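S.K.: To start, I am sharing the structure in question, which I have written as structure tokens.
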């Protein structure tokens with residue numbers, strides 16, 4: 001597939017055009033310059049042509065070791081990977097020395113370039129549009145990324161630069177069977193106690209993972225170490241990542257899609273609009289993922305925000321895994337590891353049995369163990385238990401510890417079945433659900449976790465009132 005990169009100085013509308021081409025608001029957009037820092041890939045469609053699009057950070061002249069310099073290196077990598085660059089200028093504000101400087105950078109790359117003059121709908125933009133001719137990159141294409149104007153002309157310019165053959169689909173007639181989503185399989189309670197077939201876990205299916213944590217916990221460094229390249233922008237500055245960036249790779253032949261997210265601080269500290277957008281983007285990544293890795297800083301673990309993130313993941317029904325990062329900075333590792341395990345059990349009782357792995361994004365130590373923990377947790381998250389086994393277990397636990405009587409009346413538990421996985425969700429048929437009590441529900445949940453090896457994943461137990469076969473019948477007097 002053709003790959004196209006959007007290049008330009010800060011605040012010319014690159015992310016706005018990216019969102020329009022992919023048809024979703026994936027990239028954060030704000031009036032201030034320099035919002036985008038990492039390069040972001042997406043599947044784009046422009047009228048009748050499809051291609052991969054790369055959104056990049058705004059080009060700035062800066063020292064190589066500065067944050068802006070590292071952002072520029074990421075953008076130049078995108079130019080090298082792309083078949084074509086869309087060089088965007090701002091028709092509203094006109095050309096700047098930065099535009100001329102980076103025009104020369106693109107010229108030295110000796111790759112196809114389409115000059116795009118954005119914000120052409122604005123008043124007094126014609127002067128800036130005609131100034132773009134002086135760059136020597138051919139005729140500029142006037143567009144409005146915000147309003148969608150000029151998209152037909154942009155399509156024609158792209159096809160003219162690469163040729164119609166570049167967008168021909170060799171597999172146009174190939175049919176792809178839709179993948180079945182295991183979430184849609186619902187087992188209704190009361191269908192019978194026979195042993196239904198349980199689907200075997202498929203360890204070859206693609207896996208979606210989100211990496212979350214406090215700012216400067218080392219999330220981007222960890223992902224770069226997985227990939228074996230400097231794909232994401234890193235550095236000593238806290239809060240470098242703003243967008244939730246997805247990257248794809250393979251681990252032991254299995255396709256992995258991993259999301260890097262912005263560091264999330266406590267809600268009371270999030271004041272700026274841009275940070276609120278970054279946090280909202282990270283929350284969307286959590287909901288889209290299957291397994292969420294919470295990255296703790298081993299030197300200062302179990303801050304309140306760490307615990308809040310782990311609790312949020314459990315409430316969202318995702319499968320959590322803890323990565324104790326920066327393990328290379330720990331000296332007395334055995335003592336620290338024992339302390340971390342004790343605190344994990346004590347401070348996260350709602351995630352009993354959660355897998356926690358010490359890792360180092362700087363050296364790569366422990367990454368294979370972390371991936372193993374992720375796949376094991378994902379398998380448990382997808383686990384299904386037969387109705388017959390559940391009710392055999394239910395009979396034992398209720399016989400050993402029956403539910404307490406409320407107001408002199410016993411609560412009768414009739415039946416249990418698993419209605420879905422991802423996470424494991426069960427329905428309990430009870431005569432009086434309101435009288436069962438939270439403590440007895442926890443007793444059953446912990447029993448399920450222990451008996452069926454469901455450690456470390458959220459378990460949902462829903463109570464359903466038993467149907468009364470005599471309800472509605474008139475009382476007879478004799």
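Every number in this text was worked out from the coordinates using simple rules, so none of it is lab data. Computed from a prediction, not measured in an experiment: that's the story for all the values here.
S.K.: For the range 3-167, what class follows from the C-alpha gyration tensor (a ≥ b ≥ c being the square roots of its eigenvalues): rounded when a/c is under 1.5, otherwise prolate if a/b is larger than b/c, else oblate?
M.R.: Here the range 3-167 falls in the rounded category.
S.K.: Here's a follow-up. Going by the alpha-carbon gyration tensor, a ≥ b ≥ c the square roots of its eigenvalues, is the range 387-465 rounded (a/c under 1.5) or, if a/c is not under 1.5, prolate (a/b greater than b/c) versus oblate?
M.R.: Prolate, because a/c is 1.5 or more and a/b exceeds b/c.
S.K.: Now for a separate question. Using 0.36 nm per residue of separation minus the Cα-Cα distance, give me the extension gain between residue 202 and residue 1 in nm, one decimal.
M.R.: Full extension from residue 202 to residue 1 adds 69.5 nm.
S.K.: According to the square roots a ≥ b ≥ c of the eigenvalues of the Cα gyration tensor, what is the shape class of the range 207-381, taking rounded for a/c under 1.5, prolate for a/b larger than b/c otherwise, and oblate for the remainder?
M.R.: Verdict is rounded for the range 207-381.
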